[in-house]
Amino acid sequence: MVTRKTVTNPDEIKCLYEITASIHSTLNLRKALYNVLDLLDEHLGMNHGSITLLNPETSEIHVEVAHGISSIAKIRGRYKLGEGVTGRVIESGRPMAVPSIDDEPLFLDRTKARSRADKSKVSFICVPIKEGKTVLGALSVDRLFDTRSSLEEDVRLLSVIASLIAQKVSMLEKINREKVKLNEENARLKQALEKKYSFTNIIGTSRKMNEVFHLISQVAASNANVLLLGESGTGKELVANALHYNSLRAGQSFIKVNCAALPGNLVEAELFGYEKGAFTGATQQKAGKFELAKSGSIFLDEIGSLILESQGKLLRVLQEREIERLGGTKTIKVNVRLIAATNIELSDAVEEGLFREDLFYRLNVYPIYLPPLREREADLLLLADFFLEKYAKEYSKDIKRISTPAIDALVQYHWPGNVRELENVIERAVLLCEDQVIHSYHLPLTLQTAEDTGTQQATSLEDAVARFERELIIDALKVSRGNMRQAANALETTERIFGYKIKKYDIIPKQFR
């Protein structure tokens, strides 16, 4: 045993240094605590060390780690708050030093780790492990009884070590709380993604969209490659999301690549990665998109824009399920599901020699055609109402509906930009609208005056005013459910004038009841 008189004892300093380093070297709490007890025994002769922790819910104290005590003895070492020396220390938050445990009635020796002959020769020191005013547990050790040495220095040293342990416990508890919080947030986001990208949330009740939903439901859970066909703006990326988040790979990565945005000389590096020094500027190794997708899915949008050389390398990936980084020689296996999309006729591109025929057949395992908006008349108003609600909420506007003339303009337009164009039109209308109704004058001029919309262009100020007046009257009748008096009051005019206007514009109030 080592007898220490002062805090400048070299063994104490060395022990404290090694304990500090050990505590901060690992995130494994039990490993750190075992190291503390081992070092106390090795350097200072403090054996039978134990660290007990308090369960604040049950007020029960148990031995978390121990040195020189059997596993059975650890199980026996349980105390209630205030019971024995350990229970008293944890309850009061103050240390206790027992010169001879044989003479101390509070010492219960629940672990039965000491023989009766040893008890008269053993001193027992127990100090609280505290974080601020909160007691987390206690650190206790035995040492040989020596009438010539004071236990005050032992208490002081162990109190310093206990504070280090408290900081470690507090830090790990904070890390665990953050982990739990992150896991909960990840679960919430995953659930939100699955809900957001469920194919049942894709808006459409038309016959053609029901066919699309059927095709998605049939292929989503498989590993088959899917080729999405259709004009720009028809929702191909939305369908790709639905395919991934309703597949068996939903919990894995989903990587999206716009092939049209990649320069021809960078396609291979982006898709397959590269090694350090593979080309000028390659200062470090980089994983490609296929590697990042791992066991998930990869979405290659505008795949028809790939150059022939890149098409050949993509074909090899689909056939062999392996890649090589640019500048590398190592073959890397990839387990990735491919979802591709294009707005061009790939069969025409094959005939023109712009797209590889073998790659086309590899991609065309399960084609899904997304119809343009002009072929989905039954869905147009559903989509318009959805975007109206979305942007009214985003811009904090109390907009209730779209007026009849505005609806007529939306229905008669040919929508070359498809759903994407409709969304932009409604967002613009919401920004311009200052009341509760979207009117036709909130729509872009292309919807109001273009010859191909089928609407009649106003040739004079009088015609424009008449059209606007008729729209206001119809809106008022809709709100009043065909009640002419209420509609006239809403427009702050008389029933006589209101009736005259109704006859002038051939409006039938009964149809709004």
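General remarks:
- Positions within region 365-392 being part of a loop (DSSP other than H, G, I, E, B), farther than 21 Å from THR404 by Cβ and not hydrophobic (A, V, I, L, M, F, W, C), in sequence order: TYR366, PRO371, PRO372
- Failed item in (1) at pLDDT 90 or above; (2) of a type outside the set (A, V, I, L, M); (3) in a loop (DSSP other than H, G, I, E, B), with PRO416 passing the rest: (1)
- Residues satisfying the stated conditions in region 187-216, i.e. within 23 Å of ARG374 (Cβ to Cβ) and either β-branched (Val, Ile, Thr) or at pLDDT below 65 (or both): PHE199, ILE202, ILE203, THR205, VAL212, ILE216
- Here THR446, THR455 are screened, and the one residue that is crowded, with 18+ Cβ neighbours inside 10 Å and either at pLDDT below 90 or under 30 Å from LEU228 (Cβ atoms) (or both) is THR455.
- Meets criteria (buried (at least 16 other Cβ atoms within 10 Å of the Cβ) and not assigned by TED's automatic domain parsing to the domain that holds PHE279) for VAL430: yes
- Of the strands (runs of 3 or more DSSP E) contained entirely in region 255-352, those carrying at least 3 residues that are buried (at least 16 other Cβ atoms within 10 Å of the Cβ) fall at 297-301, 337-342.
- Hey, LYS478 part of a helix (DSSP H, G or I) and modelled with pLDDT of 85 or more or not: no
- Whenever a residue of region 291-317 is within 14 Å of PRO263 (Cα to Cα) and outside the structural domain of LEU228 (by TED's automatic domain parsing), it has no partner that is assigned to a helix (DSSP H, G or I) and modelled with pLDDT under 90 lying with C-beta atoms less than 6 angstrom away and at least six residues away or across chains.
- Criterion: under 19 Å from GLU83 (Cα atoms) and of a type in the set (S, T, N, Q) - qualifying residue of SER59, SER22: SER59
- Subset tally (residues that are within 39 Å of the chain's Cα centre (by Cα), surrounded by 19 or more Cβ atoms within 10 Å (Cβ to Cβ) and of a type in the set (Ser, Thr, Tyr)) for region 43-63: 1
- Number of positions in region 243-254 that are in a helix (DSSP H, G or I) and at pLDDT below 90: 1
- Unmet criterion (only one of (1) part of a loop (DSSP other than H, G, I, E, B); (2) in contact with a Phe, Trp or Tyr (Cβ under 8 Å, 6 or more places away or on another chain); (3) modelled with pLDDT of 80 or more) for ARG94: (2)
- For the residues THR283, THR234, the requirement of being at pLDDT below 90 and of a type outside the set (D, E, K, R) singles out THR283.
- Flag for LYS14 being at pLDDT below 85, closer than 23 Å to GLU153 by Cα and not hydrophobic (A, V, I, L, M, F, W, C): yes
The values are calculated or read from the model by the stated rules, or taken from the named source; none is laboratory data. Here the structure is a predicted model, which means the values were calculated and not measured. Every residue, glycine as well, gets a Cβ built from its backbone with ideal geometry; the counts of neighbours run over all protein chains shown.
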